[in-house]
Amino acid sequence: MTPVHEVLAVLWFLLIAVLMLGYFILDGFDLGAGVLYPLVAKGEKEKALVRRAIGPLWDGNEVWLLTAGGALFAAFAPAYATSFSGFYLAIMLVLFGLIFRAISIEYRDRDPKWAKFWDVAFCVGSFLPALLFGAAIGNIIGGVALVGAADTDLLAKGLVAGDYVGGFFSLLNPFALLCAVMGLVVFLTQGASWIALKAPVNSPLRQRAVKLRSVLNIACIVAFVLVSAFFFLAVLPGFGPERIGLPVAVVFAAIVVVGWLLARLFMNKGNDLLSFLATSLLPVGLIGITAASLFPNLIPAADNPVGAVTYFLVPGADIAANSITVFNAANSELCLTAMTIITCIALPIVLFYHVVIYRTFRGRISEEEIGY
């Protein structure tokens, strides 16, 4: 690779991280509100208010996820192929969840005979992605079983280097499950904070959201401590020297702690807007930790991921060499250059769209506005 090609590869690693961050911040409160929907909303008016709080926003928020997937395909095709084929069942569950959530939001008011069904679809469709996104991050950080160039036995069976050779249940290892719970709790905290911000000030709906927000805020830091402890005790010892970005993760861990403290402070003061913004610092820190822990890997290989039941790679194989990295998976310099130019044009337009939408639908929702 030329120096320019290497710089572009690193740039697109960072840009994909930013796209994922945009999704986790913006669609995080959507998913959290959907999971909390049956807990906080009592009666038709309150349910309609929760749906109205995210109804005009969810489709624009999901653009960040679609763009991140497209960018991964265009910039790092081998990583896209391994992740989307190896984690096929998990990804399909996420997609079906997002589809059912979208349909339920659109059909709930228009199909009263199926109201209960759409309510369940809205909740379950929000729960599955909220849970599985965290599990995916846990697996990526911990490493997954990939075929390497030295794995002659597996190559002889028709597999190719970079193929995932674990199973679906291998993805449900202890560290991934802990990350799944932490991700879910963060989304729930964002969702409760958003409902508290959008509900009428003296409404029972806001009061329930405020109580849940406070409890979930505590659960966030507890989950973060548990995941961090498991990471240092069981996951970190398996890391090789190739993870050069790991020290930067400490900075983002500090952002998580600061975001939690600020959120707690503003919750106690009853400031819904600032507590929501402070809560949004949690995904900033978590995505930053993920990116820093991975670099320069995109999908790190692990001989036996923590607690996972996988095929073992050939003993003595160079595990680091089997990993899919920013540099061995990058597309051509011409392609990355063209993508960068397009991004410089399109990203400001997308950001302008979000500014307009969020400004248009700012403020609390009144009972006259609950229809969607």
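Descriptive notes on the structure:
- Residues satisfying the stated conditions in segment 320-356, i.e. at pLDDT 85 or above, under 25 Å from the mean Cα position of the chain (by Cα) and under 26 Å from A301 (Cα atoms): I324, T325, V326, F327, N328, A329, A330, N331, L336
- Long-range neighbours under 6 Å by Cβ, at least six apart or interchain, first residue closer than 13 Å to C220 by Cβ within segment 250-266, second among the hydroxyl-bearing types (S, T, Y): A263/S275; A263/T279
- Test result for S85, under 23 Å from the mean Cα position of the chain (by Cα), of a type in the set (S, T, N, Q) and more than 18 Å from W58 (Cβ to Cβ): yes
- Residue that is nearest to K47 (Cα to Cα), among those in segment 357-366 that are surrounded by 11 or more Cβ atoms within 10 Å (Cβ to Cβ) and either of a type outside the set (F, W, Y) or at pLDDT 90 or above (or both): I365
- Restricted to segment 81-119, and to residues there that are free of Cβ contacts under 8 Å to residues at least 12 places away in the same chain and aliphatic (A, V, I, L, M), the residue that is nearest to I299 (Cα to Cα) is I91.
- No other residue among S214, S193 is touching an Asp or Glu at 6+ places or on another chain (Cβ under 8 Å) and over 29 Å from S323 (Cα atoms) apart from S193.
- Options L171, L216, L178: the member that is aliphatic (A, V, I, L, M), in contact with a Ser or Thr (Cβ under 7 Å, 6 or more places away or on another chain), in contact (Cβ under 8 Å) with a residue 24 or more places away in the chain and farther than 24 Å from E44 by Cβ: L216
- Some residue of segment 91-104 being more than 20 Å from the chain's Cα centre (by Cα) and among the hydrophobic types (A, V, I, L, M, F, W, C): yes
- Among the conditions (1) more than 30 Å from N328 (Cα to Cα); (2) among the aliphatic types (A, V, I, L, M); (3) under 20 Å from the mean Cα position of the chain (by Cα); (4) at pLDDT below 95, L172 misses just one, which is (1).
- You will find that of V50, V94, the residue that is of a type in the set (A, V, I, L, M, F, W, C) and crowded, with 23+ Cβ neighbours inside 10 Å is V50 and no other.
- Residue list for segment 39-59, restricted to those being part of a helix (DSSP H, G or I), touching a residue at least 40 places away in the same chain (Cβ under 8 Å) and more than 16 Å from G97 (Cβ to Cβ): L39, V40, K45, E46, K47, A48, L49, V50, R51, R52, A53
- Being under 30 Å from P296 (Cβ atoms) and not hydroxyl-bearing (S, T, Y) is a condition met by no residue of segment 34-56.
- For segment 194-227, filtered to residues that are charged (D, E, K, R) and farther than 14 Å from N268 by Cα, the residue that is surrounded by the most Cβ atoms within 10 Å (Cβ to Cβ) is K198.
- Of D153, D109, all but one fail to be among the acidic types (D, E), at pLDDT below 85 and either surrounded by fewer than 17 Cβ atoms within 10 Å (Cβ to Cβ) or under 19 Å from A81 (Cα atoms) (or both); the exception is D153.
- Taken over segment 241-284, the criterion of being among the basic types (K, R) and surrounded by 17 or more Cβ atoms within 10 Å (Cβ to Cβ) is satisfied by R243, R264.
- Residues satisfying the stated conditions in segment 330-351, i.e. free of Cβ contacts under 8 Å to residues at least 12 places away in the same chain and closer than 13 Å to V63 by Cβ: A346, L347, I349, L351
- Subset of segment 60-110 (residues that are more than 17 Å from A9 (Cα to Cα), touching a helix residue (DSSP H, G or I) at 6+ places or on another chain (Cβ under 9 Å) and not in a helix (DSSP H, G or I)): F87, R108, D109
- Any hit, segment 192-200, residues being hydroxyl-bearing (S, T, Y), modelled with pLDDT of 95 or more and part of a helix (DSSP H, G or I): yes
- Residues that are buried (at least 17 other Cβ atoms within 10 Å of the Cβ), without any contact (Cβ under 8 Å) to a residue 60 or more places away in the chain and more than 15 Å from T290 (Cα to Cα), drawn from segment 5-22: none
- Residue within segment 228-246 that is of a type outside the set (V, I, T), in contact (Cβ under 8 Å) with a residue 60 or more places away in the chain, out of contact with any Phe, Trp or Tyr (no Cβ under 8 Å at 6 or more places or on another chain) and part of a helix (DSSP H, G or I) present: yes
The values are calculated or read from the model by the stated rules, or taken from the named source; none is laboratory data. Source: prediction; values computed, not measured. Neighbour counts are summed over all protein chains in view; Cβ atoms, including those assigned to glycine, are modelled from backbone coordinates with ideal geometry.
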